[in-house]
1. Per 10 Å bin, what is the whole-percent P(r) computed from every C-alpha pair distance within segment 46-151?
2. Which of the peptides 43-51, 111-119 is most tightly packed, and how do the rest follow, going by the mean number of other Cβ atoms within 10 Å of each residue?
3. Roughly speaking, what is the stretch gain from Arg109 to Val56, that is 0.36 nm per residue apart minus the C-alpha to C-alpha distance, in nm to one decimal?
Amino acid sequence: MDWNTESKDLLAASGMDLRGVTEGPGRESKKGMSKIRRIGLTRDPPGGWPLDHLFVGVATLRILRELFMRPDAQRPWDLHLRTGVSPQGSADALMRLARIGLVDVLPSRVPGHADWFQLASSHYLLKPLGNLFAAEDAAVRSTIRALMNPVAAKRDEPSGHGGSGPPA
């Protein structure tokens, strides 16, 4: 069985539409091959994977991390100041998270002021994401401790150079 036949069998088994693909290695139509590259060989669920809509950029990730660190309601401006994400980037990320139901929008009590946002307590991704950010925090703290301990240990060791103690 040649490469082209194996590939077509694999693609056919995946349920992908093969119209426009011709016979012969390297002679597939651009239309058929670009579709393969664009969607891959695995089937996505209807509407796509939920995390595809969540992890779309660093801004959304930073905003989400901050919301998990401080679960009380926050304004986009406050999140901008804490995360370094631009004010518009913060607002866009919060609206994206609200569209998928991960954050709740709380209207401001003062007319004309910015809405407040907080994590939606009933979203099915809340617990797994909380575990992910907790594991990330623990790993970062552990790494920092490991990096700081040799420095602290070296600083506390008597070197025999200077100081007020007797020579070693």
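Values quoted throughout were computed directly from the atomic coordinates according to the rules given, and no laboratory measurement underlies them. Not measured: the values here are computed from a predicted model. Counting neighbours? That spans all protein chains shown, and the Cβs are built from the backbone with ideal geometry, glycine included.
1. So the P(r) values, bin by bin, are 14, 43, 28, 11, 3, 0.
2. Numbers: 43-51: 9.6, 111-119: 14.8.
The peptides rank, most packed first, as 111-119, 43-51.
3. Details: separation 53, 0.36 × 53 = 19.08 nm, distance 3.09 nm.
Extra length available between Arg109 and Val56 comes to 16.0 nm.
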